[in-house]
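**Student:** I'd like to ask you about the structure that follows.
The values are calculated or read from the model by the stated rules, or taken from the named source; none is laboratory data. Not measured: the values here are computed from a predicted model. Cβ: placed from backbone, ideal geometry, glycine included. Neighbour counts: every protein chain shown. SASA here: full protein model, heavy atoms, side chains in, ligands and nucleic acids out. Shrake-Rupley method; radii C 1.70, N 1.55, O 1.52, S 1.80 Å.
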Amino acid sequence: MLTLTRESGGVRDDPREPFDRHLSGLFDHALDELLRRELSRLSFLGADDREVLRRHLADFVARGGRRLRPAFVYWGHRACGGSPDDLGAVLAAGCSIELLHACALILDDVMDESPLRRGRTTAHLALAERHRELGWAGSSQRFGESAAILLGVLAFTWADSALLADRRRLADALEVFTQLRVELIAGQYLDLTCAARGGGDHREALLISSYKSGRYTVERPLHLGHAIAGGDPGLRRVLSAYALPLGEAFQLRDDVLGVFGDPARTGKPAGADLLQGKRTYLLTLARERADGPGAALLDALPGTGEARPDRLAAAREVIVATGALEAVERRIRDLTESAGEALSGADIPADARTALLGLALRLAQPHPSAQPHPSARPDQAGNAASPGPAARPGHAARPGQAGNAASPGPAPQAGSAEPAAGGAA
């Protein structure tokens, strides 16, 4: 198997290399080429400013993330029997989504006043610190936020440039990509206004998570691959039937990480969603079920910044005691099973089916950082966090297939997909 090496950009023959790593390498290489080209257009900037853009945008895109959304573009294309000649267009579409994802993360961090992303200081805070160190005029905070917003807009612009790199079936791809962006932005707006307005029930929380994260993580990337392949409309419906429950499961898993996740793995502060007052399905469900003191405790955390560990632990206790964590884990299992069942009997290539089943299982399984927090009672959180056999998507896949997404011959592995950290991760 021919694979790209991340360090040198060269190629090497390594038949033992998992296909998902090979696929990530292809997207990494395409992104590197795109970012190099786009940075060269900024030669009118001074060296220091170009370095800021390289460090806080280009490097953020190139060195972070797991290329999950591009992988769904690829497998959407493969599921529809797309031609190998379309690979350039598939890579271009995957790069577009990665750049849009970077835009979403940067802007999300500004809106949430997040201090960390992917284990490092967020762009708006790093740029504010640079402003202070250089002794520039005006508010450092305002400068940092403004500059970060511009970086996000630049990533948004580069996403269009990426899509134009290969114009095969461009009109169809652009229609899907435009819908993706509309849904993402509107979902973010819903999230912002809901948090400011207060209240809201778990149904509203699911609506927000569907449009803010679920659809643009799974469904629309699959539709992009479908569009590039010129796929049958019936296959698009199959892909949606698989993607919609899986996208929701993906976001619910992220909701669990936002409360119980290990900062060393998520790259975000402990209990970030608690501190930011996020109206996620998990937290909304916990508030609905909690008694007066428990609900008051959850509502008192937002705005406290670095909350005391004992208060975070007490909040986690409330979430576990209400059964909200167990309910979310159960819903994740059910949704993942529904996603697998949607592929049953579908007329798609065996390798694509196996890979999609493997991705579903990986997205649904608890991330190591989602293991019960010490404050969660093992008899409740421990059992709830274990997906068990029910999490296996579809009955057609044997455990060895679904877990590793491996099948005889060239069928690829899809084992690198893990739940994202911090919402649109």
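**Student:** When ranked by the protection proxy of mean other Cβ atoms within 10 Å per residue, highest first, what sequence do the peptides 56-63, 317-324, 35-42 form? Can you show the working numbers first?
**Tutor:** On the way: 56-63: 19.1, 317-324: 20.9, 35-42: 14.1.
Top to bottom by mean Cβ count within 10 Å: 317-324, 56-63, 35-42.
**Student:** If you build the convex hull over the alpha carbons only and average its shadow over all orientations, what do you get for the stretch 182-257? Give it in nm² to one decimal.
**Tutor:** Projected over every direction and averaged, the Cα hull of the stretch 182-257 covers 5.4 nm².
**Student:** Estimate the FRET efficiency between R66 and L150 by the formula 1/(1 + (r/R0)^6), using the beta-carbon distance for r and 22 Å for R0, to the nearest 0.05.
**Tutor:** 0.25
**Student:** Go through T121, T193, T354 and list them by solvent-accessible area, largest first, probe radius 1.4 Å.
**Tutor:** Numbers: T121 80, T193 35, T354 15 Å².
Result, largest first: T121, T193, T354.
**Student:** While we're on this one: How many nm is it between the label spots at Q141 and A296, if each spot is 7 Å from the Cα in line with the beta carbon?
**Tutor:** In this crude spin-label approximation the distance works out to 2.9 nm.
**Student:** Next up: Dipole size in debye (nearest 20) for the stretch 104-180 around its Cα centre, Lys and Arg Cβ +1, Asp and Glu Cβ -1?
**Tutor:** 240 debye
**Student:** Follow-up question, since we're still on this one. Once you have the alpha carbon radius of gyration of the stretch 142-237, what is it after dividing by 2.2 N^0.38 Å, with N set to its residue count?
**Tutor:** On the way: Rg = 16.2 Å, N = 96, 2.2 N^0.38 = 12.5 Å.
Normalised Cα radius of gyration, the stretch 142-237: 1.30.
**Student:** Rg (Å, one decimal) plus Dmax (Å, integer) for the alpha carbons of the stretch 66-184?
**Tutor:** Cα-based Rg and Dmax for the stretch 66-184 come out at 17.4, 58 Å.
**Student:** Describe numerically, in nm with one decimal, the distance between label points set 7 Å from Cα along Cα→Cβ at D232 and at D262.
**Tutor:** For the pair D232/D262, the computed spacing is 4.6 nm.
**Student:** Treating the Cα atoms of the stretch 125-170 as identical point scatterers in vacuum, please give the log10 of the normalised Debye intensity I(q)/I(0) at q = 0.15, 0.24, 0.27, 0.31 Å⁻¹, two decimals.
**Tutor:** Each listed q maps to, in turn, -0.50, -0.77, -0.87, -0.99.
**Student:** Sticking with the crude label model, points 7 Å out along Cα→Cβ, report the distance from R197 to E175 in nm, one decimal please.
**Tutor:** In this crude spin-label approximation the distance works out to 3.2 nm.
**Student:** Enter the accessible area per residue of the stretch 159-304 (Å², integer; probe 1.4 Å; all protein chains in place).
**Tutor:** Using a 1.4 Å probe on heavy atoms only, each residue of the stretch 159-304 averages 37 Å².
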